[in-house]
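Take a look at the structure set out below.
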Amino acid sequence: MSDTTTAAKPAPESPRAPASPALATRRLPRWAPLAIAAGAIAVGCGIGAGAGFTSQIQWGLISLVLFVAGSYAITAQVEGRRQAKDRVATSLVWASFILAVIPLYSLVQTTISKGVKVLDINFLTHSMNNVLTIDPGGGVYHAIIGTLEQVGIATAIAAPLGILTAIYLVEYGKGALAKWVTFFVDVMTGVPSIVAGLFILSVWFVAFNKAPQSGFAGSLALTILMLPVVVRSTEEMLKLVPNELREASLALGIPKWRTIVKVVIPTAVGGITTGVMLAIARISGESAPIALLVFGTNIINTDPFSGPQSSLPYYIYQQYGNGNQPSYDRAWAAALVLIAFVMILNLVARGIARWKAPKYR
Amino acid sequence: MTTTAPPPTPTTPPPANAPTVTRPGDRIFAGLSRGSGIVLLVVMAAIAVFLTVRAVNAISKDHGNFLTTFEWNASANPPVFGVAVLAYGTVVSSVIAMAIAVPIAVGIALFVTHYAPRRLGGPIAYVIDLLAAVPSIIYGLWGALFLVPHLLGLNLWLNEYFGWTVIFEKENPDSAARSLFTVGILLAIMILPIITNVSREVIRQVPKMHEEAAIALGATRWEVIRLSVLPFARSGIISASMLGLGRALGETMAVATVLSASPVLSAHILDPVGGTFSQNIVAKFGEANEFGRDALIASGLVLFVITLLVNGAARIIIQRRKEYSGANA
């Protein structure tokens, strides 16, 4: 209600408009923003060069300020204050988009250009055993094995548990318990990864009175991080299954659990797979709990239940910590491997979602 | 709704089969799924209990004041440690991140929903989704090796022209930009996707009628947004920001790689000093003895409680919104 009254207000405020018989107010031509932008950039670069600013970013910022101010002034002259405000808002929204794209583009571009330097088949198939940190060479084989095993164990625990919880929430859940579970799934999504690591650490202290040094402890922490993501996405997918399917099955006298297993889950299986894969993508990049629980090693350790392991994100952290150029090169290459792994998982997951999406009609 | 309605009132139409048949399979499956839900609650409770047990042990032997001591020498004898610097650093870096990220994220959300050409909107949203998946350690690596050297110029400029505000004063202008300010910028980039995504969803829910009504009254596009979109989406945007805040508070690796930490509490955000909870845990963990680890667990408990409060509040706001918009639809 209040919206309409305030929106209507500006109209009666400008009674001088009807003085001219023209129906439309004067408009700037379509090329006007481009012209103002070109002018702003020219003047901005002029000021930048004249004042001797070295940073190109400052030239850009000056041009941006000039563009916003200039388009406001010109539009206010020709079209009126309201249109001018609209122009400014439009340019701010575009600016925020461009501002956000720059660092994200730079991140991907830097990782790829620096990563390909040492990334080759040798890098993927060798560990860091007997490689001095200041020397080039070595690889991520041990880290890839560690990541795959830890993430695999975490998925084996979290996926069934999460899917069953989601089934409970959608198919059975009523009353206080379901409400609490829903709330804490949401809250659990926000548990920092380092806290999950500390929790498993304190469990180990209380139960075994020593610090864990195994991939398994790390995967337990990853399970905690993965669980809420799986629950949330599976829940959304199960809710999309049309009720008519359940009713048809129940009407045939089929028990509820068989209805869920044979009708509801197959209908939603594409979405559930997507959710689990996105969760896997999220936890494969976690390094904080690995740093606390798995330590890290330079040798190949295929047993996740005893002895320290490595993992891709932790490997990057370690190599960064070495603080010399060969190590930085290795860190970038490992980052490229990790980013490629996560992105491929993401793309495949979304592909499955599109391919398996329930088709109506 | 239709499936759940019949079971409570089966007595009136079919009086013959009043008790429903419960099969063992049904009971096992229901128990299994309910059990999983309970496991989840138990895990949450266990996190709180286990952390508290270890933390109480540590705090009781602290020879400093846990809340006001600056330095962190938990492995020393006697142990002296406190969270003052860590709490300050965590709050300051998160506030900087929010101040940068929230306006830009709302801008992008509006861009995707209202400004971008329709064909571009989908792909842009998709790319932003992908960016949410970039691991934090990669942001950390990029921040430390790319962002830090590139921000030095901005630091000098801020120090020269805004140094009088004390906040932007830098004690040694030539020192590397491994400061809370840089951490804040990096965190802003990291939490941008989540704030954008949630805000976008909320803005999508704005009833078309509201916008069309505003357009019909002759409102410009900005007036449509200010008068009908933003008032409706405000609470959703607030909770989106709080979810982003929760993530910024707990971020570990990106901070640990960028910040050059020291137990100094400084109002100059460009100085390379300070620390955050999670950064301190990762940095001090390697050298800590068993008691030192308990002390770190204590600081982790503080972080856990803070993020729990922030996230819980955000979720409650979202839930209220949901009920409200459900009643509207």
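Structural remarks
- Shielding score for A:282-293, defined as the mean number of other chain Cβ atoms within 10 Å: 5
- Average beta-carbon neighbours from other chains, 10 Å sphere, peptide A:88-99: 6
- Kirkwood Rh and Cα Rg combined as Rg/Rh, the range A:269-313: 1.12
- Average silhouette area of the range A:108-200, convex hull of alpha-carbon atoms, in square nanometres: 9.7
- Chain A - percent relative contact order, Cα under 8 Å, separation 6 or more: 19
- In units of the compact-protein estimate 2.2 N^0.38 Å, the range B:201-329 shows a Cα radius of gyration of 1.55.
- Charged-residue dipole, Cβ positions (Lys, Arg, Asp, Glu), the range A:117-258 about Cα centre, Debye nearest 20: 380
- Each 10 Å bin from 0 upward holds the following percent of the Cα-Cα pairs of the range A:247-361: 12, 27, 24, 17, 12, 6, 1.
- In a reduced charge model with +1 at each Lys and Arg Cβ and -1 at each Asp and Glu Cβ, the range A:27-186 shows a dipole moment near 860 debye about its Cα centre.
- Counting neighbouring beta carbons within 10 Å and listing from fewest to most, the residues A:Asp135, B:Asp129 come out as A:Asp135, B:Asp129.
- Pair-distance distribution P(r) for the range B:8-150, from all Cα-Cα distances in 5 Å bins starting at 0: 2, 7, 7, 8, 9, 10, 11, 11, 9, 8, 8, 6, 4, 2, 1, 0, 0 percent.
- Descending semi-axes in Å of the range B:82-221, equivalent ellipsoid built from Cα gyration tensor: 36, 18, 15
- Packing-based ranking of B:56-62, B:204-210, A:82-88 yields A:82-88, B:56-62, B:204-210, ordered from highest to lowest mean Cβ neighbour count within 10 Å.
- Distance between modelled label sites at A:Phe183 and B:Arg204, nm, 7 Å Cα→Cβ extension: 2.8
- Our analysis of the range A:208-248 gives Rg over Rh at 1.37, with the two radii drawn from alpha carbon positions and Rh computed by the Kirkwood formula.
- Three-way shape label, chain B, alpha-carbon gyration tensor, a/c 1.5: oblate
- Note on the range A:290-342: along the principal axes its Cα atoms extend 32, 25, 19 Å, ordered by decreasing extent.
- Rg and Dmax, both from the Cα atoms of the range A:46-153 and both in Å, are 24.9, 73.
- Arranged from fewest to most other beta-carbon atoms within 10 Å of their beta carbon, A:Tyr168, B:Tyr115 become B:Tyr115, A:Tyr168.
- Sorting the segments A:145-158, A:273-286 by their residues' average number of neighbouring beta-carbon atoms within 10 angstrom, most packed first, yields A:273-286, A:145-158.
- A P(r) calculated from all alpha carbon pairs of the range A:173-312, with 10 Å bins opening at zero, reads 11, 29, 28, 19, 11, 2, 0 percent.
- Each part gets one Cα centre, and for the range A:257-292 versus the range A:303-324 those centres are 26 Å apart.
- Extension reserve of the A:Ser113-A:Trp31 stretch, reckoned as 0.36 nm per residue once the Cα distance is removed: 25.8 nm
- Theoretical ellipticity at 222 nm over chain A - DSSP helices of four or more residues, -39500 (n - 2.57) apiece, nearest 500: -24000 deg cm²/dmol
- Debye log10 I(q)/I(0) for the range A:226-266, one point scatterer per Cα, at q = 0.24 Å⁻¹: -0.77
- Computed over the range B:161-213, Kirkwood Rh from alpha-carbon pairs, angstrom: 14.8
- Percentage relative contact order, the range A:134-259, counting C-alpha pairs under 8 Å, at least six apart: 38
- The range A:224-361: relative contact order as a whole-number percent, Cα under 8 Å and 6+ apart: 27
- For the range B:77-131, the normalised intensity computed at q = 0.13, 0.16 Å⁻¹ comes to -0.53, -0.64 (log10 of I(q)/I(0), Debye sum over alpha carbons, equal scatterers, no solvent).
- Neighbour cut-off at most 14 other Cβ (10 Å), DSSP loop, trypsin sites (Lys or Arg not before Pro), the range B:85-193: none
- Spread over its residues, the convex hull of the C-alpha atoms of the protein assembly as shown is 209 Å³ per residue.
- Peptide-level mean, for B:118-129, of C-beta atoms on other protein chains within 10 Å: 1
- With the highest mean first, a sort of the peptides A:183-189, A:38-44 on other beta-carbon atoms found within 10 angstrom per residue produces A:183-189, A:38-44.
- Hydrodynamic radius by Kirkwood, which averages 1/r over all alpha carbon pairs of the range B:110-159, in angstrom: 13.5
- Semi-axes of the equivalent ellipsoid of the range A:101-141 are 27, 11, 8 Å, computed as sqrt(5λ) over the eigenvalues of the C-alpha gyration tensor in descending order.
- HN-Hα J in Hz across the range A:180-195 - Karplus 6.51, -1.76, 1.60, θ = phi - 60°, x for Gly and Pro: 5, 4, 4, 4, 6, 4, 4, 5, 5, 4, x, 5, x, 4, 5, 5
- Distance from the C-alpha centroid of the range B:67-90 to that of the range A:210-256: 41 Å, rounded to the whole angstrom.
- Amide H contacts under 5 Å for B:Phe81, placed H, 5+ residues apart: B:His63, B:Gly64, B:Asn73
- Phi to ³J(HN,Hα) by Karplus 6.51 cos²θ - 1.76 cosθ + 1.60 over the range B:73-89, Hz, x for Gly, Pro: 10, 6, 8, 6, 10, x, x, 10, 7, x, 9, 4, 5, 5, 5, 4, x
- Subtracting the Cα-Cα distance of B:Ala46 and B:Leu152 from 0.36 nm times their residue separation leaves 33.7 nm of extension gain.
- Loop-located trypsin sites (Lys or Arg not before Pro) in the range A:226-255 whose Cβ has at most 10 other Cβ within 10 Å (DSSP): none
- Sorted by Cβ density within 10 Å, fewest first, the residues A:Ser233, A:Ser106: A:Ser106, A:Ser233
- Cross-link pairs A:Lys179/B:Lys208; B:Lys61/B:Lys170; A:Lys85/B:Lys208 - those with Cα-Cα distance over 26 Å: A:Lys179/B:Lys208; B:Lys61/B:Lys170
- Equivalent-ellipsoid semi-axes for chain A (Cα gyration tensor, √(5λ), whole Å, largest first): 50, 37, 18.
Where a number appears in this text, it was derived from the coordinates with a stated rule and is not lab data. Small disclaimer: the values here were computed from a predicted structure and weren't measured. With ideal geometry, Cβ positions are generated from the backbone for all residues, glycine too; neighbour counts draw on all protein chains shown.
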